[in-house]
1. Please go through (1) within 27 Å of Arg189 (Cα to Cα); (2) assigned to a loop (DSSP other than H, G, I, E, B); (3) in contact with a helix residue (DSSP H, G or I) (Cβ under 8 Å, 6 or more places away or on another chain) for Gly137 and return the number of the only condition it doesn't satisfy.
2. Looking only at segment 130-140, decide whether some residue is modelled with pLDDT of 95 or more and farther than 25 Å from Asp70 by Cα.
3. Which of the residues belonging to segment 145-155 are open to solvent by 20 Å² or more (accessible area, probe 1.4 Å) and over 12 Å from the mean Cα position of the chain (by Cα)?
4. Do you know which residues across segment 112-162 are farther than 27 Å from Arg5 by Cα and among the polar types (S, T, N, Q)?
5. Checking the condition free of Cβ contacts under 8 Å to residues at least 24 places away in the same chain, of a type in the set (A, V, I, L, M) and surrounded by 18 or more Cβ atoms within 10 Å (Cβ to Cβ), which residue from Ala82, Ala110 passes?
6. Pick from Ala6, Ala82: which is under 22 Å from Ile131 (Cα atoms), out of contact with any Gly (no Cβ under 9 Å at 6 or more places or on another chain), at pLDDT 95 or above and among the aliphatic types (A, V, I, L, M)?
7. Please count how many residues of segment 55-70 are in a helix (DSSP H, G or I) and exposed (fewer than 13 other Cβ atoms within 10 Å of the Cβ).
Amino acid sequence: MLSPRALELNMTNEGGLDGTYRLLKNIMGLWLVQQCKRSSSTAGREYDYARLTQMATESKPVRSFVNVNDPRFLNPPDMPGAIQEFCRETGQPVPKTDGELVRCAYESLALKYREVLGSLEELTNESIEVIHIVGGGSQNRILNQFTADACQRPVVAGPAEATAMGNVLTQARASGELGSLADMREVVRVSSEVQHLNPAPRKAWSIVSPQFTSIIKTDSDEDYVDCPMFR
């Protein structure tokens, strides 16, 4: 995809096996949540991710959003403060509790995925029916469900060790153990346990999507990890 529109949307083309290319859009992963957890630990509030997720679940939904690709979130000294600053600047309710901050991050990621999904469908002129989430982020069930709900697409989550699996399979292909890219994909299918999540019919995501779009003013993409893949 080398069109002016692809350039405008900051898409790139990632080379793959057998001369294939993947149309790629880098999106911030769970870095925001990791850094919020770090800040709470530094302040003496020790939570594991399960507890943080529960706190996010109990917080008020679709209240505040951030542009997850804003450069201010790359490596701020205080991630909660950076999130609060963004919300304050854009006239939104400012998340205060740890649960509210984490929920803001999760929902902002899901809405960013929704935005990129629309851009990919526009560029390819194809309907994307399923979202695959792979890597460590695939183990985050609340984000997986938010993604399904926001995008109104079923989500297949897993495998978690996608990078290691791809490395091993590429070596197996090079040594002649596997004959084709299709064979490699079949090995992944039969070797992995995945979760299937269906979208809930929640109108709130559609209602807040224009609000989210209006606060996206910058889109500086770096090399982020744990991004969903669409098919």
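1. The number of the failed condition is (2).
2. yes
3. So in segment 145-155, the residues open to solvent by 20 Å² or more (accessible area, probe 1.4 Å) come out as 145, 152-154.
The answer is Gln152, Arg153, Pro154.
4. Ser138, Gln139, Asn140, Asn144, Gln145
5. Answer to the selection: Ala82.
6. Working: Ala82 fails: under 22 Å from Ile131 (Cα atoms).
On inspection, the qualifying residue turns out to be Ala6.
7. First, pick out the residues of segment 55-70 that are in a helix (DSSP H, G or I): 55-58.
Pick out the ones that are also exposed (fewer than 13 other Cβ atoms within 10 Å of the Cβ) and you get 58.
So the answer is 1.
This table checks each residue for (1) at pLDDT below 95; (2) over 25 Å from Gly118 (Cα atoms); (3) not in a helix (DSSP H, G or I).
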position	(1), (2), (3)
Ala150	no, no, no
Val156	no, no, yes
Thr163	yes, yes, no
Leu169	no, yes, no
Ala172	no, yes, no
Gly179	yes, yes, yes
Arg185	yes, yes, no
Val188	yes, yes, no
Glu193	yes, yes, yes
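The values are calculated or read from the model by the stated rules, or taken from the named source; none is laboratory data. No experiment lies behind these values; they were computed from the predicted model shown. Methodologically, a virtual Cβ is constructed for each residue, glycine included, from the backbone with ideal geometry; neighbour enumeration extends over all protein chains shown. Side chains included, ligands, DNA and RNA excluded: accessible areas come from the protein's heavy atoms. Shrake-Rupley method; radii C 1.70, N 1.55, O 1.52, S 1.80 Å.
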